[in-house]
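The values are calculated or read from the model by the stated rules, or taken from the named source; none is laboratory data. This structure is a prediction, so every number in the text was calculated from the model and none was measured. Cβ atoms come from the backbone with ideal geometry, glycine included; neighbour counts cover every protein chain shown. Heavy atoms of the whole protein, side chains included, go into the accessibility calculation; ligands, DNA and RNA do not. Shrake-Rupley method; radii C 1.70, N 1.55, O 1.52, S 1.80 Å.
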Amino acid sequence: MNVSDQFEKRTARAELLAASAPAVAEPLVFAAKLFRLQGRLAAAISARHADAPFSGGAADLPRIVDLLPPLLSFAAADGPPELAEAAETRASDDPTTAATRLRVYWEGGRDALEDYLSRAFLRPFAEVLARAGIAADRPRHEGHCPACGSAPIVSFRKELPDSNGAARYLVCGLCGTEWAFNRIRCPSCQEEDPTKLPSFQSDVHKNVRIEACETCRRYVKSLDLTLDARPLPEVDDLVSLAMDLWAIEEGWTRLEPGWAGI
């Protein structure tokens with residue numbers, strides 16, 4: 001399955017969930033449209049990579065910046081008010097300014113964590129790089145993605161053959177890479193004291209839990225695929241937005257925002 005097909009798979013899952021979960025249909029429909037657009041971007045980026053391979057560094061970004069306008073137009077028309085306003089502002093950027101914004105995000109600049117638009121645009125680029133085995137030239141942090149250095153957007157647990165328990169995996173918020181990670185460890189600050197790593201669950205979303213850290217006050221949402229193997233973690237994450245809102249009210253900060261922006 002190529003990168004574009006992966007995005008189409010996410011689109012189909014978001015559309016299915018939107019039809020069955022009316023309370024969160026709006027963010028799921030938005031995500032479905034975003035994934036479909038990202039799939040088209042991935043196809044265009046893959047074609048350019050085939051013509052002249054990317055290096056994985058910020059020097060690649062001017063080669064793809066002309067693909068940005070459709071995403072900005074989509075966000076301005078379909079996004080929530082704050083995102084739409086940001087997209088309208090960025091639509092007036094000249095190519096140099098647009099490429100600079102992307103470079104700041106790619107190089108881990110101060111505003112990178114809150115730059116939803118850059119992450120949404122660079123997601124297919126980073127995923128193409130990861131699929132091609134090209135290491136992204138970005139800052140590295142312990143506990144973050146081994147392929148591109150970004151923070152995990154979600155976690156999941158699944159059973160492994162010949163294993164007595166479920167293994168924990170993290171999903172990269174930028175390139176989509178999945179990697180195994182210690183079940184008793186914070187991917188943000190590396191805390192390993194079980195008494196400082198509480199988890200919270202809801203009777204409404206029985207396969208989801210908030211995996212928090214009292215040391216850094218960050219959390220990652222986790223889906224239990226041992227109960228149901230059908231979910232796509234970063235898509236199904238949107239169904240339990242109420243848990244994110246609860247966590248925020250309780251003073252926790254999500255390590256990497258989901259595709260609803262929280």
Let me spell it out: the conditions are (1) more than 20 Å from GLY176 (Cα to Cα); (2) over 19 Å from the mean Cα position of the chain (by Cα), and ALA229 meets all of them except one. Which number is the exception? (1)
Taking strands (runs of 3 or more DSSP E) that do not extend beyond region 158-262, which have at least 3 residues that are open to solvent by 10 Å² or more (accessible area, probe 1.4 Å)? 166-172, 178-180, 199-201
Exactly one of ALA87, ALA23, ALA32, ALA43 is part of a helix (DSSP H, G or I), touching a Ser or Thr at 6+ places or on another chain (Cβ under 9 Å), of a type outside the set (D, E, K, R) and open to solvent by 20 Å² or more (accessible area, probe 1.4 Å), and that one is ALA43
Can you name every residue in region 109-157 that is surrounded by 14 or more Cβ atoms within 10 Å (Cβ to Cβ), more than 15 Å from the chain's Cα centre (by Cα) and within 23 Å of LYS221 (Cβ to Cβ)? HIS141, GLY143, ARG157
